[in-house]
Each structure stands twice: as C-alpha cells, then as structure tokens.
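Have a look at the structure below, then the notes.
The values are calculated or read from the model by the stated rules, or taken from the named source; none is laboratory data. This one's a predicted model, so the numbers in the text were calculated from it and none came from an experiment. All Cβ positions, even for glycine, are placed from backbone atoms using ideal geometry, and neighbour counts span all protein chains on display.
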Amino acid sequence: MTPESLVRHELAGLDVAVAESSNPDLVGTAGRVVDETTNTLLVATGEGVRQVPKAAATFRFRLPEADVVVDGDRLVARPARRTESNGGSLWQ
C-alpha cells in the first residue's frame, strides 16, 4: 500500500485520526480502524469503538512512509466496490 493507492485498499487495521469534521465532537477521534461500512468507519479508541461517518470527516491515515489525508467523501462506497475501482480519484 502506498499513499497514492490508499483509498483502493482495505482500511481495517490502519491507524487513523479525524482531522476535520462538520461534527466538532468527532475531531481528534483517533485509533485503529476495526471495520467499515459503506458510510462509516468503526474506530477503536482508548474509550471504546466510535462510529465515524465517512462523508462528515477528513481523515489522516498513518502509513509507515507518510501520513495521508483523505476527504471522507472519497471513501463513501462499499469497501469491496471501492477496492475494485481504478479511476476517478486523485489517489488511484
């Protein structure tokens, strides 16, 4: 996985933080992605699992080589469908 191809990969297991959100309560939510649905990421934090709407947030994913900031709107899709996609995204 590279920063350029992140949105085409499975996100479960990645470290993530909510960098921006229309819901101020979500900003700063950080932990590990434990699951995802079409519209949400489930993030395990020190206080439990939080459900974060993809479309309402900008995410910062930590990869070994770099932090990658992704607008949540780019992630809104069934995970299997998103990983099959090969166009229409700056990161693909």
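Structural remarks
- For region 32-52, a tally of residues being closer than 18 Å to HIS9 by Cα and touching a Ser or Thr at 6+ places or on another chain (Cβ under 7 Å) returns 1.
- Test: residue in region 41-54 that is under 18 Å from GLU4 (Cβ atoms), modelled with pLDDT of 90 or more and in a strand (DSSP E or B): no
- Residues of region 16-35 that are among the aliphatic types (A, V, I, L, M) and either in contact (Cβ under 8 Å) with a residue 60 or more places away in the chain or assigned to a loop (DSSP other than H, G, I, E, B) (or both): LEU26, VAL27.
- Picking from residues in region 1-15 that are outside any helix (DSSP H, G or I) and hydrophobic (A, V, I, L, M, F, W, C), the one that is farthest from the chain's Cα centre (by Cα) is MET1.
- Conditions (1) at pLDDT below 85; (2) in a loop (DSSP other than H, G, I, E, B); (3) of a type in the set (S, T, N, Q): number failed by THR38: (1)
- Within region 55-73, being touching a residue at least 24 places away in the same chain (Cβ under 8 Å), among the charged types (D, E, K, R) and outside any loop (DSSP other than H, G, I, E, B) holds for ARG60, ARG62.
- ASN86 being at pLDDT 90 or above, part of a loop (DSSP other than H, G, I, E, B) and either in contact with a Phe, Trp or Tyr (Cβ under 7 Å, 6 or more places away or on another chain) or polar (S, T, N, Q) (or both): no
- Region 1-35, subset modelled with pLDDT under 90 and of a type in the set (S, T, N, Q), residue farthest from ASP71 (Cα to Cα): THR2
- Any hit, region 4-13, residues being over 15 Å from PRO79 (Cβ atoms) and buried (at least 17 other Cβ atoms within 10 Å of the Cβ): no
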